[in-house]
Amino acid sequence: MSPIHDDLEAVALEELDLASALGWKQLSALTPWSDTFEGFTPRGREVCIARSYLWENTAGGDIRIEVTVYQRQAYEEGARIVRTIAQKTAS
C-alpha cells in the first residue's frame with residue numbers, strides 16, 4: 001500500500017472506531033444517516049471524511065457503518081472501511 005493510502009486508512013479506522021463506540025441502541029436512533037466533513041490526516045493532508053449509518057438488510061436489524069476518507073480531488077483513491085454492528089448486541 002502507498003504511504004498516502006496508509007495515511008487515509010488510519011483516519012478511516014479511527015473514525016470507524018469512534019462511530020462504533022456508540023453501540024447498536026444509540027446508533028439505531030440515527031439510522032439511516034450520513035454526513036461528510038473536512039479534517040486532516042496524521043501527515044497533514046486535508047481530506048473529506050464521509051460517514052454513513054445504514055440498515056444492513058432490514059430496518060431494525062444490523063447496522064452497517066461505512067467510513068470513506070479521501071482527498072477532494074481523488075475520491076476513487078480514498079480509503080473505505082465498513083463494519084457491522086449486530087442488533088443482537090443491543091443493550
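The values are calculated or read from the model by the stated rules, or taken from the named source; none is laboratory data. What you see is a predicted model, and the numbers here were worked out from it, not measured in a lab. Using ideal geometry, Cβ is built from the backbone for each residue, glycine included, and neighbour counts are taken over all protein chains shown.
Take ARG72 and decide whether it is exposed (fewer than 15 other Cβ atoms within 10 Å of the Cβ), part of a loop (DSSP other than H, G, I, E, B) and at negative phi. Answer is yes for this residue. Consider segment 39-49 and keep the residues that are touching a residue at least 24 places away in the same chain (Cβ under 8 Å) and not hydrophobic (A, V, I, L, M, F, W, C). The one that is surrounded by the most Cβ atoms within 10 Å (Cβ to Cβ) is THR41.
Being touching a Cys at 6+ places or on another chain (Cβ under 6 Å) and farther than 16 Å from HIS5 by Cβ is true for just one of THR36, THR58. Which residue is that?
That would be THR36, the only listed residue that is touching a Cys at 6+ places or on another chain (Cβ under 6 Å) and farther than 16 Å from HIS5 by Cβ.
Residues in segment 18-36 that are closer than 16 Å to ALA79 by Cβ and modelled with pLDDT of 95 or more: THR36 only.
Based on what the data block shows, is SER52 polar (S, T, N, Q) and in contact (Cβ under 8 Å) with a residue 60 or more places away in the chain? Criteria not met by SER52.
Return a yes/no flag: does segment 26-38 have any residue that is in a helix (DSSP H, G or I), touching a strand residue (DSSP E or B) at 6+ places or on another chain (Cβ under 8 Å), buried (at least 17 other Cβ atoms within 10 Å of the Cβ) and without any contact (Cβ under 8 Å) to a residue 60 or more places away in the chain. Yes: one or more hits. Among the residues making up segment 38-50, those that are at pLDDT 95 or above and under 16 Å from ARG80 (Cβ atoms) are GLY39, VAL47, CYS48, ILE49, ALA50.
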